[in-house]
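To start, the structure under review is shown below, and the notes come after it.
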Amino acid sequence: MKKMRNFVWTALCLLATCGAFVACDDDDNDDWLDDSGSKVELPGRRAYILYEGTMGGDNSGLAFYAPDGNADFIRDIYQYQNGKKLGDTGLAMAEEDDYIYVVVSGSKYIAKLNAAGVEQCRHTFEDTPRHVDVENGYVYVTQYGGRVSKLDRNTLDEVDAYEGDDTCLEGIVECGGRLYVANTYRYDETGAIVYNSEVLVLNAGTMDLESKIAVAANPERLWEDDGKIFLISRDVYDSSTWEKTTRNQLQIIDPYKNNSVTKVTEATKLAEGEDGLLYLVDTDTDNSFFTYNVNTGQVGHSFLNNAPDELSSEVIYLLEVDDETGDIYIGTSDYVSEGTIYRFDRYGTFKEKFPAGGINPNSMLFID
């Protein structure tokens, strides 16, 4: 009997050991990733680049890139996997539980993709969708016309919505059960742009408007990290002369201090690093790369050490950080040809550059 117990114990240990080896094999596709319907075998660590294409050109796409260098680059994995184009102006995407949600603004829909880029379902809007956040089983999508849709994460069926004024809503994030929505601008009776200066605060459960936060004019993009919300308000132009009157402005909203707003610095692009460090780019003049430490309030020097010379003058369209490795990715555009992605390690040392897949690469996400 003792020998039998020893045999069973040894077998269980061996089984556990074998399981550990399988779980730690990063070269294989992770078992828990949904790659059903995929026409190509993909590695466990993967990245996707969304590019807008040109407005009205029906040439948006989703590129696949292997950060570990163990698979070929695919310029449009969405078309490869689904046998159709993504559509007009792929504007934003979000990820939760290894599913990807892509907003195609010009074509007026949002699609849910599995981890291999295979479309699972979609939801079509009457108004133009803009940005997306996925939290707690729901997908929240802002639209022009003052609407925010609350969709079921699995089916993309609409379960509730906020119906606001006829205004243009852009960025959205969830924090502490509330949605923070950038109320960007509206058109007056003559068709001229009137810039708004507020962020709407909605109850994520009821979709009711709770309050409005006064911010710099033309608020557009929002990020959330560690209980704080980061907002960039875009340049404001005089509608009669098209002269710039205010510049891009980074602000921090603190939900735990009565939604207080702190103006930080001029910035155009933002990516979140570790331990409260933000990577920032100011593109209003020559491109300026610098950091901001949320914990200390200190503005730091450039986070790039040996950047290629062309980055000082090219249009910066994308800034992302791989939260697994800390690598920094910068995407450029000339608005008419395929963009370029520059990759740096977490210390700002240049590693490589590669094609973005299409025109105007605007965002990048990582799955592992």
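Points to keep in mind about this one:
- Pair list, Cβ under 8 Å, 6 or more apart: region 295-310 residue closer than 21 Å to Thr262 by Cβ and without any contact (Cβ under 8 Å) to a residue 24 or more places away in the chain, other residue among the polar types (S, T, N, Q) and in a strand (DSSP E or B): Gly300/Thr291; Gly300/Asn293
- Residue that is small (Gly, Ala, Ser), within 21 Å of Asp133 (Cβ to Cβ) and touching a Cys at 6+ places or on another chain (Cβ under 9 Å), where the choices are Gly273, Gly177, Gly227: Gly227
- Search result, residues across region 200-238 that are modelled with pLDDT of 95 or more, in contact with a Lys or Arg (Cβ under 6 Å, 6 or more places away or on another chain) and of a type in the set (Asp, Glu): Glu220
- Test: Tyr329 is touching a Pro at 6+ places or on another chain (Cβ under 8 Å), in contact (Cβ under 8 Å) with a residue 24 or more places away in the chain and either not β-branched (Val, Ile, Thr) or not in a loop (DSSP other than H, G, I, E, B) (or both): no
- Taking the criterion of being of a type in the set (A, V, I, L, M, F, W, C) and either loosely packed, with under 11 Cβ neighbours inside 10 Å or not in a strand (DSSP E or B) (or both), the only residue of region 240-250 that qualifies is Trp242.
- Listing of strands (runs of 3 or more DSSP E) fully contained in region 251-319 that carry 2 or more residues being buried (at least 19 other Cβ atoms within 10 Å of the Cβ): 269-272, 277-282, 288-293
- Candidate set from region 349-368 (those that are of a type outside the set (Gly, Ala, Ser) and part of a loop (DSSP other than H, G, I, E, B)); member that is farthest from Val315 (Cα to Cα): Asp368
One line per residue, one yes/no per condition, for (1) free of Cβ contacts under 8 Å to residues at least 60 places away in the same chain; (2) polar (S, T, N, Q):
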{"residue": "Lys85", "(1), (2)": "yes, no"}
{"residue": "Thr89", "(1), (2)": "yes, yes"}
{"residue": "Ala94", "(1), (2)": "no, no"}
{"residue": "Pro129", "(1), (2)": "yes, no"}
{"residue": "Val134", "(1), (2)": "yes, no"}
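- Residue match in region 189-204 (condition: surrounded by 13 or more Cβ atoms within 10 Å (Cβ to Cβ), over 14 Å from Tyr144 (Cα atoms) and of a type in the set (Gly, Ala, Ser)): yes
- Given (1) out of contact with any helix residue (DSSP H, G or I) (no Cβ under 9 Å at 6 or more places or on another chain); (2) within 30 Å of Asp160 (Cβ to Cβ), index of the condition Ile229 fails: (1)
- Residues satisfying the stated conditions in region 159-188, i.e. more than 24 Å from Lys244 (Cα to Cα), touching an Asp or Glu at 6+ places or on another chain (Cβ under 8 Å) and surrounded by fewer than 20 Cβ atoms within 10 Å (Cβ to Cβ): Val159, Glu174, Arg178
- Meets criteria (closer than 17 Å to Thr54 by Cβ, in contact (Cβ under 8 Å) with a residue 40 or more places away in the chain and among the small types (Gly, Ala, Ser)) for Gly117: no
- Within region 343-368, residues that are at pLDDT below 95 sit with their Cβ atoms under 9 Å from residues that are of a type in the set (Gly, Ala, Ser), at 6+ positions apart or across chains, in these pairs: Asp368/Gly44.
The values are calculated or read from the model by the stated rules, or taken from the named source; none is laboratory data. From a predicted model like this one, the values you see are computed outputs, not experimental measurements. Methodologically, a virtual Cβ is constructed for each residue, glycine included, from the backbone with ideal geometry; neighbour enumeration extends over all protein chains shown.
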